[in-house]
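Notes to accompany the following structure.
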Amino acid sequence: MILLHVLLVGVGGFIGSIARFWIANELNKHLLGTWVANVSGSLLLAIVVRLYMNGLIEEPMWLFFGVGFCGAYTTFSTFGKETLELLFEKKYGLAILYVGSSFTVAFLFVAFFLIW
């Protein structure tokens, strides 16, 4: 059973990382791509958590989507790197907007779907 769980997380992560890469390339702007991935991934994770907490999906689906896909799809390491780049380029207003909107919008999505 543990091997199946590892496989589910791994396959979900594989697909999530490819989806993240695709979004960044499609938007042709890494800053916007990271923002879209983190915000939409937070929304998806909130939905998956809610479904799992209410018993509407089983543990394998949670592991695949919640842990695997969302874990690889959202990318806060890239978020940190891009924020530092903005600061080094002295784009302080954009850095504040990027950080603030990333956390605020992601938090609101999670809060809405966990309270709803």
Quiz item: Which of the following residues is among the hydrophobic types (A, V, I, L, M, F, W, C), part of a helix (DSSP H, G or I), touching a residue at least 60 places away in the same chain (Cβ under 8 Å) and in contact with a helix residue (DSSP H, G or I) (Cβ under 6 Å, 6 or more places away or on another chain): A24, A37, A46?
Solution: A46
Practice problem: Kindly indicate whether A72 is closer than 19 Å to I23 by Cβ, part of a helix (DSSP H, G or I) and at pLDDT below 90. | Solution: no
Practice problem: Could you please tell me which pairs satisfy a Cβ distance under 7 Å, a separation of 6+ or placement on different chains, a first residue in region 62-73 that is crowded, with 23+ Cβ neighbours inside 10 Å, and a second residue that is at pLDDT 95 or above and β-branched (V, I, T)? | Solution: F64/V11; G68/V9; G68/V11; F69/I15
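If you scan region 1-39, which residues turn out to be polar (S, T, N, Q), surrounded by fewer than 19 Cβ atoms within 10 Å (Cβ to Cβ) and under 12 Å from the mean Cα position of the chain (by Cα)?
Here is the first cut: in region 1-39, the ones polar (S, T, N, Q) are 17, 25, 28, 34, 38.
If we keep only those that are surrounded by fewer than 19 Cβ atoms within 10 Å (Cβ to Cβ) too, we end up with 17, 25, 28.
Scanning region 1-39 gives a single hit, S17.
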Exercise. Within region 43-61, work out how many residues are within 25 Å of A95 (Cβ to Cβ) and surrounded by fewer than 21 Cβ atoms within 10 Å (Cβ to Cβ).
Key: 1
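The values are calculated or read from the model by the stated rules, or taken from the named source; none is laboratory data. Given the structure is predicted, the values throughout are model-derived calculations rather than measurements. All Cβ positions, glycine included, derive from the backbone under ideal geometry; neighbour counts span all protein chains shown.
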